[in-house]
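Here's the structure we're looking at; comments come further down.
The values are calculated or read from the model by the stated rules, or taken from the named source; none is laboratory data. For clarity, every value in this text was computed on a predicted model and none was experimentally measured. As a convention, Cβ positions derive from the backbone with ideal geometry for all residues, glycine included, and neighbour counts pool all protein chains shown.
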Amino acid sequence: MVAIESMAQVVDELNVRRLTVDEYMQMAQAGIIDEDERVELLDGVIVRMSPINPPHAYVVSTIAHVFDRLVPEGAAVRTQCPVQLSRYSLPEPDIAIVQGPLRAYARRHPEPGEIFLIIEVADSSLRKDRMLKLPLYATAGIPETWIVDLVHKQFLVHRKPVAGSYTDITVHQAGEVIAPLAFPEARIEIASLFAELEP
C-alpha cells in the first residue's frame, strides 16, 4: 500500500474541490454543519475529530494549567480553539500558545505569525495528527509542534519547519523535563503528567 504523505497529496490526487475557510464558516452559520459537530477544516476538507476521552481531557487541561501560570505577559494560551493556517485550513489544536492578549482574537482566529507553539494530544488520533495535521503546521511555518502520544506516554517534539516538514524531531519520555523554545521557563515534567494515567 502506498503511504499518503499529507492531506494536500490526497486532495491533489483525487482532484477534490477545496472549501475555503469563509465557505466553511458560512456552512456553520447556515446550520449545514451543526454547532455541536466535532469537525475541523484541513486543507479544504472537512475532517471529523475524535471524541475527547478522560485521559485526553486530563492531559490537555493539565498542560494548559501549567502554561497559564508560566508563560509571560504578551502570550496567551488557547485550548481547543481554531487557528487559521491558510485560506483552506482551520484546525482546532488541543493547545496553542499565541501572541497575546486574548482580546486580539475576539473577531478573528490567530494566524501563523502569531503562534509560538501548537500541541496535539493523541491516542486514537495519532495517525491523523502525524499524517494530516503536522504537514499543515510545518507548511504554515509554525515554529514548534508537540504531539503528546498517550499510547506510548511520550512527547514527539517537532521544530525547524522547512518546505512542509519539520527537520528537528525528538522524542521525550518519563524522567525528562520539556519546555517550549519560546518559553524555556514553562517546564513540563513528563513523568508527573503521565503518573495519573498509570493503571
Of the conditions (1) within 28 Å of residue 23 (Cβ to Cβ); (2) surrounded by fewer than 19 Cβ atoms within 10 Å (Cβ to Cβ); (3) modelled with pLDDT under 95; (4) polar (S, T, N, Q), the single one that residue 86 does not satisfy is (3)
query: Within the stretch 14-34, can one find any residue that is among the polar types (S, T, N, Q), within 21 Å of the chain's Cα centre (by Cα), at pLDDT 90 or above and closer than 16 Å to residue 87 by Cα?
result: yes
Reported set for the stretch 156-186 where residues are acidic (Asp, Glu) and touching a strand residue (DSSP E or B) at 6+ places or on another chain (Cβ under 9 Å) is 168, 176
Check on residue 111, surrounded by fewer than 20 Cβ atoms within 10 Å (Cβ to Cβ) and within 15 Å of the chain's Cα centre (by Cα)
yes
Does residue 61 count as modelled with pLDDT under 95, under 25 Å from residue 150 (Cβ atoms) and among the small types (Gly, Ala, Ser)?
no
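Condition check ((1) under 24 Å from residue 37 (Cα atoms); (2) crowded, with 16+ Cβ neighbours inside 10 Å; (3) touching a Leu at 6+ places or on another chain (Cβ under 7 Å)) across all residues:
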| site | (1), (2), (3) |
| --- | --- |
| 95 | yes, yes, no |
| 102 | no, no, no |
| 120 | yes, yes, no |
| 126 | yes, yes, no |
| 157 | no, yes, no |
| 161 | no, yes, no |
On the basis of being within 19 Å of residue 188 (Cα to Cα), surrounded by 15 or more Cβ atoms within 10 Å (Cβ to Cβ) and of a type in the set (Val, Ile, Thr), does residue 45 make the cut? no
Matching residues in the stretch 31-80 (part of a loop (DSSP other than H, G, I, E, B) and either over 13 Å from residue 120 (Cβ atoms) or β-branched (Val, Ile, Thr) (or both)) number 17
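Condition test on residue 49, is it of a type in the set (A, V, I, L, M) and without any contact (Cβ under 8 Å) to a residue 12 or more places away in the chain?
Numbers: of a type in the set (A, V, I, L, M): yes; without any contact (Cβ under 8 Å) to a residue 12 or more places away in the chain: no.
Taking the combined requirement at face value, the residue does not satisfy it.
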Okay, strands (runs of 3 or more DSSP E) sitting entirely in the stretch 83-199 with 2 or more residues that are in contact (Cβ under 8 Å) with a residue 40 or more places away in the chain, I get 115-122
